[in-house]
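Asks: One structure, pasted below without further comment.
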Amino acid sequence: MAGKNPIPCFRRKPDRRPRRNGPAAGLARVVKKLTDLRGPLSALEHVSLTPPPSSKAAEDLIELARLLLFPGFFSPQPVTELNFEYHTGQTVYVFHERLSRETAAAIRHDCLRYNQACTDCDRQGREIALAVVERLPWLREILATDVEAAKSGDPASGAHYDQIIFCYPGLFAVMVQRLAHELYLRRVPFLPRMLTEYAHAKTGIDIHPGAEIGSYFFIDHGTGVVIGETTRIGSRVRLYQGVTLGALSVPKGGAARLAGKKRHPTLEDDVIVYSGATILGGETVIGAGSTVGGNVWLTESIPPGTTVLIKTPELIVVDKSGRKPRKS
């Protein structure tokens, strides 16, 4: 009837008549199409009774490592003189068990991917995990040098190390990379990259687990720093935000041929690289004691003790109308 309000939606009776093209049929078609893609896209799936390592497991490994590398700072329960050895023993045991499991899962995934017999993945996982656990004292010692480098290189770090350990994203990213590097050296598939990519997502600092990094390493601020797989960094090196230590452009189809080759630069001892600088190429060596200024683009080596700067650009100052203001 004219002027009569329609029945509100919540009062309408549901239409129970069967529909050929309803939601169920549409969903079924999508399921069929996704299933049909399994053949041509089988490399993009993991169909197995044994799951691969998970991102959550990688995060848990990092948090367990932090409990051991910086005791008491991140523990959910107080760590005291009385319980230190017990707390450390419990954490080492749990860390070893979980690292064994996730390492074995990564190796088992590679066996599945390349159709290899998976006969001793669990044994390899346990052996590699034990080897990494045995490196924890050394990791703690070298991380202490990184904390000291931050303390001496940043006046804002405060009177003690606490702020650096709690708050500095560069230290967190370097800690994760040093742990992942131990797995990388033992040829554990993709789990090392999962660890560093978690740190990348959390801090904005992208350090490949393959990079070789010396002691007393400091990344100040850190956002946007990229350090490639074959980078070699000496001792007492300092980087600022936005620095790229990368590779030159890879020719089409050349990625496989360049895998394992030196593609990223070498920074010798006591080098400082300021924000926004880009240093590229496997043959590029920044000599000891050199300084690379902000926004510099380098694809060639420089000798020790060199400073590289960009010529100061001309500044143009205009008022809001677009005219240059008169000099007073």
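Asks: I'd like the full set of residues that are surrounded by fewer than 23 Cβ atoms within 10 Å (Cβ to Cβ), closer than 22 Å to Pro303 by Cβ and in contact (Cβ under 8 Å) with a residue 40 or more places away in the chain, limited to the range 241-280.
Replies: Passing the criteria: Leu248, Asp269.
Asks: Taking Ala43 as the residue in question, decide whether it is loosely packed, with under 15 Cβ neighbours inside 10 Å, at pLDDT below 85, out of contact with any His (no Cβ under 6 Å at 6 or more places or on another chain) and in a helix (DSSP H, G or I).
Replies: yes
Asks: May I ask you to verify whether Thr196 is out of contact with any Ser or Thr (no Cβ under 7 Å at 6 or more places or on another chain), under 17 Å from Pro53 (Cβ atoms) and in the same structural domain as Ala65 (by TED's automatic domain parsing)?
Replies: Taking the combined requirement at face value, the residue satisfies it.
Asks: Just checking, how many residues over the range 181-218 are surrounded by 20 or more Cβ atoms within 10 Å (Cβ to Cβ), hydrophobic (A, V, I, L, M, F, W, C) and farther than 22 Å from Cys111 by Cα?
Replies: Selection size over the range 181-218: 7.
Asks: Under 6 Å between Cβ atoms, at least 6 apart or on separate chains: pull out the pairs that start in the range 220-240 with a residue that is touching a residue at least 24 places away in the same chain (Cβ under 8 Å) and among the polar types (S, T, N, Q) and end on any residue that is assigned to a loop (DSSP other than H, G, I, E, B) and crowded, with 23+ Cβ neighbours inside 10 Å.
Replies: Pairs that qualify, where the first residue is touching a residue at least 24 places away in the same chain (Cβ under 8 Å) and among the polar types (S, T, N, Q) and the partner is assigned to a loop (DSSP other than H, G, I, E, B) and crowded, with 23+ Cβ neighbours inside 10 Å, are Thr230/His264; Thr231/His264.
Asks: Just to verify a result, which residue in the range 1-40, among those that are outside any helix (DSSP H, G or I) and among the aliphatic types (A, V, I, L, M), is modelled with the highest pLDDT?
Replies: My answer is Leu37.
Asks: Across the range 241-278, what is the total count of residues that are among the aliphatic types (A, V, I, L, M) and in a strand (DSSP E or B)?
Replies: 4
Asks: Can I ask one more? Working only within the range 102-124, note down all residues that are in a helix (DSSP H, G or I) and either over 22 Å from the mean Cα position of the chain (by Cα) or of a type in the set (Ser, Thr, Tyr) (or both).
Replies: Thr103, Arg108, Cys111, Leu112, Arg113, Cys121, Asp122, Arg123, Gln124
The values are calculated or read from the model by the stated rules, or taken from the named source; none is laboratory data. Just so we're clear, the structure is a prediction, and the values are computed from it rather than from any experiment. Virtual Cβ from ideal backbone geometry, glycine too; neighbours counted across all protein chains shown.
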